[in-house]
Amino acid sequence: MDKEITLTSIGIDIGTTTTQMVLSRLTLVNVMPGTQVPKIEISRKSVVYMGAVHFTPFLDRNRVDGAALRNLIAQEYECAGIQPKDVDTGAVIITGETAKKENASEIVHALAEFAGEFVVATAGPDLESVIAGKGAGAEEISKRLRIRVANLDIGGGTSNIAIFDRGVCIGTACINVGGRLFEVDTLSRRLTYISPSAQKLVQCLEKQRESALFPVDSPAEELAGIKACLNEMVCCVERVLFHLPIADSDAALVMTNHLPDMPLDGIVFSGGVARYIYQPQAENWWVHGDVGPLLAEAYRSSRAYKSLRVFQGEETIHATVLGAGVHTVSVSGSTVMASKAALPLRNIPAIYPELKTDGTWSWANLAANYDNSLYRTFAAVVPPLADTNFTTIVALARHLAQELLQISGTPKVVVAQQDIAKVLGQSLRCILPEQEIVCLDGIELKLGDFLDIAKPLPYEEAVPVIVKTLVFAR
């Protein structure tokens, strides 16, 4: 690519409480001219249309209304003055409680005509934490100031934490603490719904107090009970964030916790509740039919808010995704092993492993963050090994083969960061002779990246790879 090109990109963010669409223009330029391997970077990006924030439509507590969601996005396309054929790239990200709904996969199929060749992710807690941290600007703050920053993204159903150390994400956590875990009637201001995770917390607190929190006759007593629950929820988040001793009630709230035990320099708040952390609203707290403003009040009284340097995030209501617009063209190492009939492949999610307590890696759990029905396969990323001798690689292949069989999709794709793809791939083929194997190395990937893998270059074993990284609003 010798000249600049402009792409039209769509980002659709479907969350627990709200849904929003963003239309942007991305100008790409090749920063490696001549005969060198292209490296494509964004020289300019601009938001052309920022859609309204809509409530995510539900049929009931467990099912998203796919038809209503499709109509909503169709209206947004019309308001933006574009048609699906006009869009070059984009991303549909399903987050929070919405990703857990019984028919989450139907959401994407309902949007199929709009999504096209988009990156589509049903974001699990790890990916969602990273997406929020990048979109809110915590990653950039951490990189620019060379400090360790936590991003706390507080939505309707969860509080997602991502810690960035000089621009690199070093840990994530997800806790069931959100503004819509308690719902209220906007006229009477009385409780109408308590989520299952909040109910478990209520039971723990009632047992400790030896008295009932709900139901009560007095609105003042009910409000006091809600605030007591929210304060305990925020305390749970603090225990995770600062590695404090856990409480009995934490089991009902903590979903994942992969945070390193390291001191923090600052914190960024994002998500719908963050708006009220930065701009407090004690009056009319019931305006959204939930307890978001009250939860923000509890966070403002927290140790995290008072003891850490608080940075203003780029985004609060949404860590808005503009699209999968950064297309970095790479070429794999020459010692690769690929079943040529399996190529090309498009939009393959890169899956980083989690380190288990026994010291082994697991990819299968993180692969569940994505909707398996949407993807032909996944790319298992192998972190750097301390030793790359033959015995170590064969042992890795045996363990990796077991993990790959738990992950749906074919061919089985593995990306190693060290120059071991040929040996690792051949070892995997011996263990899994009936499986198509694609094993590459020399490709730099991050959690949340997606890959396009082309056919091998003529007369070479190297394979061209396009790495797509989500682009965020600024």
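One residue is enough: does the range 181-190 have a residue meeting the conditions under 24 Å from Gly133 (Cα atoms), surrounded by 15 or more Cβ atoms within 10 Å (Cβ to Cβ) and at pLDDT 90 or above? Within the range 181-190 (the criterion being under 24 Å from Gly133 (Cα atoms), surrounded by 15 or more Cβ atoms within 10 Å (Cβ to Cβ) and at pLDDT 90 or above), the answer is yes, since at least one residue qualifies. Selection over the range 225-257 of residues that are closer than 23 Å to Gly179 by Cα and within 25 Å of the chain's Cα centre (by Cα) gives a count of 19.
Of the numbered criteria (1) within 23 Å of Glu283 (Cβ to Cβ); (2) modelled with pLDDT of 90 or more; (3) out of contact with any strand residue (DSSP E or B) (no Cβ under 6 Å at 6 or more places or on another chain), the one Val216 fails is (2).
Among all residues of the range 250-269, there is at least one that is outside any helix (DSSP H, G or I), of a type in the set (Phe, Trp, Tyr) and closer than 25 Å to Ala150 by Cβ. Looking across the range 373-392 at every residue that is part of a helix (DSSP H, G or I) and either free of Cβ contacts under 8 Å to residues at least 24 places away in the same chain or surrounded by 21 or more Cβ atoms within 10 Å (Cβ to Cβ) (or both), the one that is farthest from the chain's Cα centre (by Cα) is identified as Thr391.
Counting residues in the range 166-183 that are in a loop (DSSP other than H, G, I, E, B), polar (S, T, N, Q), touching a residue at least 12 places away in the same chain (Cβ under 8 Å) and within 30 Å of Leu470 (Cα to Cα) gives one or more.
Scan the range 398-408 for residues that are closer than 18 Å to Ala338 by Cα and surrounded by 15 or more Cβ atoms within 10 Å (Cβ to Cβ) and the total you get is 3.
Scan the range 25-43 for residues that are among the basic types (Lys, Arg) and either modelled with pLDDT of 80 or more or touching a His at 6+ places or on another chain (Cβ under 8 Å) (or both) and jot them down.
Of all residues in the range 25-43, those among the basic types (Lys, Arg) come to 25, 39.
Matches in the range 25-43: Arg25 only.
Do we have Gly133 as in a loop (DSSP other than H, G, I, E, B), in contact with an Asp or Glu (Cβ under 6 Å, 6 or more places away or on another chain) and not assigned by TED's automatic domain parsing to the domain that holds Thr17 here? Here the answer is no, as Gly133 does not meet what is asked.
If you check Pro464 against the conditions, is it at negative phi, in contact with a helix residue (DSSP H, G or I) (Cβ under 7 Å, 6 or more places away or on another chain) and not assigned by TED's automatic domain parsing to the domain that holds Leu343? Break it down stepwise before answering.
Numbers: at negative phi: yes; in contact with a helix residue (DSSP H, G or I) (Cβ under 7 Å, 6 or more places away or on another chain): no; not assigned by TED's automatic domain parsing to the domain that holds Leu343: yes.
Spelling it out, it is not the case that Pro464 is at negative phi, in contact with a helix residue (DSSP H, G or I) (Cβ under 7 Å, 6 or more places away or on another chain) and not assigned by TED's automatic domain parsing to the domain that holds Leu343.
The values are calculated or read from the model by the stated rules, or taken from the named source; none is laboratory data. Note that the structure is predicted; figures quoted are calculated from it, not measured. Here the Cβ is made from the backbone with ideal geometry for all residues, glycine too, and neighbour counts use every protein chain on show.
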